[in-house]
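**Student:** Have a look at this one.
Values in this text are rule-based calculations from the coordinates and carry no lab data. Keep in mind it's a predicted model, so treat the numbers as computed, not measured. A quick note on method: Cβ atoms are made from the backbone with ideal geometry, for glycine too, and the neighbour counts reach across all protein chains shown.
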Ligand code: G1P
């Protein structure tokens with residue numbers, strides 16, 4: 001078996017303005033909105049760590065400092081908690097060692113492809129992961145762990161996909177599928193936000209990627225696509241045929257936390273899955289539904 005370069009770095013594009021959640025996101029980043037007691041961004045970082053990824057690269061913008069603070073050591077908070085003999089384990093997953101927390105700025109909102117390109121100097125010449133934190137992926141193992149396992153089998157580039165009702169495809173990147181073998185499907189084509197009647201399938205890109213570093217050179221010359229933005233999907237499409245490209249069908253549940261109803265669904269589902277809350281939440285939901 002050929003040795004594959006391990007996936008050690010992940011890029012989190014978090015520069016978006018979060019206008020769909022205003023006014024909640026006027027002064028806090030939307031990635032800091034909590035699903036129960038963890039901000040959205042932490043679910044993504046935890047998923048990355050579970051997959052063996054060490055370095056988290058946040059592509060941020062103005063007003064996004066709270067994300068970086070969240071993964072720093074909170075010296076005063078921790079000292080106070082220690083004085084009051086409060087357990088600090090709850091903060092353990094929020095600490096990233098200094099070299100493992102990197103922030104770069106996307107100074108102008110030119111699209112997802114441009115955001116990823118902003119991280120090129122930190123990514124360097126290794127394959128890397130991308131997480132879109134709006135997409136909350138819950139599974140055992142997590143989505144990225146499943147993808148890293150697939151990467152260790154086939155190498156190259158991988159994206160996670162899932163099926164959506166056909167009328168929803170135009171909100172997403174869509175693949176033209178080739179041969180399928182278990183959880184792996186060959187990617188033959190990629191198109192960003194196609195019209196429903198022009199979409200090659202109803203398999204959409206669901207916000208997790210493992211890409212080879214060459215994508216950065218492709219992005220360098222990428223012209224604007226759907227919505228007038230530099231699209232990652234268009235850059236990946238140009239790599240087809242030159243490098244292996246597979247889609248991984250995630251065995252787990254996905255919540256679209258970029259929408260308000262998706263956010264509520266995620267909150268309810270995760271609460272119902274927690275031992276410390278499930279009984280109370282079930283009783284409460286039943287009571288509310290009976291009204
Ligand atoms: C982005 C990607 C798209 C993907 C989607 C998943 O779109 O460009 O390919 O399917 O995330 O949520 P956006 O939601 O930024 O419009």
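**Student:** Evaluate the Kirkwood expression for the hydrodynamic radius of segment 133-204, namely the inverse of the mean inverse distance over all pairs of different C-alpha atoms, and round to one decimal in Å.
**Tutor:** Hydrodynamic radius (Kirkwood, Cα only) of segment 133-204 equals 13.2 Å.
**Student:** Here's something else I'd like to know. How would you order 210-217, 163-170, 230-237, 196-203 from highest to lowest mean count of nearby Cβ atoms within 10 Å? If you can, show how the numbers build up before the last one.
**Tutor:** Details: 210-217: 19.8, 163-170: 14.1, 230-237: 23.5, 196-203: 15.8.
My ranking of the peptides, most packed first, is 230-237, 210-217, 196-203, 163-170.
**Student:** Find how much the distance from residue 220 to residue 251 grows on full extension, using 0.36 nm per residue of separation minus their present alpha carbon separation; answer in nm with one decimal. Write down the numbers at each step before the final one.
**Tutor:** Working: separation 31, 0.36 × 31 = 11.16 nm, distance 3.37 nm.
Answer, rounded to one decimal: 7.8 nm.
**Student:** What's the long-distance tail for segment 107-166, i.e. % of Cα pairs beyond 15 Å?
**Tutor:** Summing the P(r) tail past 15 Å for segment 107-166 gives 64 percent.
**Student:** Same structure, new question: Per residue, how big is the convex hull around the C-alpha atoms of segment 159-278? Give it to me in cubic angstrom, could you?
**Tutor:** In segment 159-278, the Cα convex hull volume per residue is 133 Å³.
**Student:** Now for a different question. Determine how many Å³ per residue the convex hull of the Cα atoms of segment 211-252 encloses.
**Tutor:** Per residue, the Cα convex hull of segment 211-252 comes to 96 Å³.
**Student:** Moving on. Report, as a whole number in µm² per second, the diffusion coefficient that Stokes-Einstein gives for segment 1-138 at 20 °C and 1.002 mPa s using the Kirkwood radius over alpha carbon pairs.
**Tutor:** 134 µm²/s
**Student:** For q = 0.09, 0.16 Å⁻¹, what log10 I(q)/I(0) does the chain give under the Debye formula with an equal point scatterer on each alpha carbon and no solvent?
**Tutor:** For the chain at q = 0.09, 0.16 Å⁻¹, log10 I(q)/I(0) is -0.45, -1.40.
**Student:** Okay, moving on. Translational diffusion coefficient of segment 1-66 at 10 °C, 1.306 mPa s, Stokes-Einstein with Kirkwood Rh over Cα pairs, in µm²/s as a whole number.
**Tutor:** The calculation lands on 119 µm²/s.
**Student:** Another question, then. For residue 277, put the label point 7 Å out on the Cα→Cβ axis and report which residues of segment 27-53 keep their amide N under 11 Å from it.
**Tutor:** The answer is 34-39, whose backbone nitrogens lie closer than 11 Å to the label point.
**Student:** Run the simple label-point estimate for residue 168 and residue 3 please: 7 Å along Cα→C-beta, distance reported in nm.
**Tutor:** Between residue 168 and residue 3, the simple spin-label model gives 4.3 nm.
**Student:** With no solvent and one point per C-alpha, what does the Debye sum give as log10 I(q)/I(0) for segment 89-192 at q = 0.10, 0.11, 0.17, 0.18 Å⁻¹?
**Tutor:** -0.40, -0.49, -1.15, -1.27
**Student:** To test your reading of the geometry: what angle, between 0 and 90 degrees and rounded to tens, separates the Cα axis of helix 143-154 from the longest principal axis of the chain?
**Tutor:** In the chain, helix 143-154 runs at an angle near 30 degrees to the longest axis.
**Student:** If only Cα atoms are counted, what is the Rg of segment 63-148, and what is its Dmax, in Å?
**Tutor:** Calculated on Cα positions, Rg and Dmax stand at 16.6, 48 Å.
**Student:** Ok, one more. So how tilted is helix 260-272 from the main axis of the chain? Cα-based, degrees 0 to 90, rounded to 10.
**Tutor:** 60 degrees
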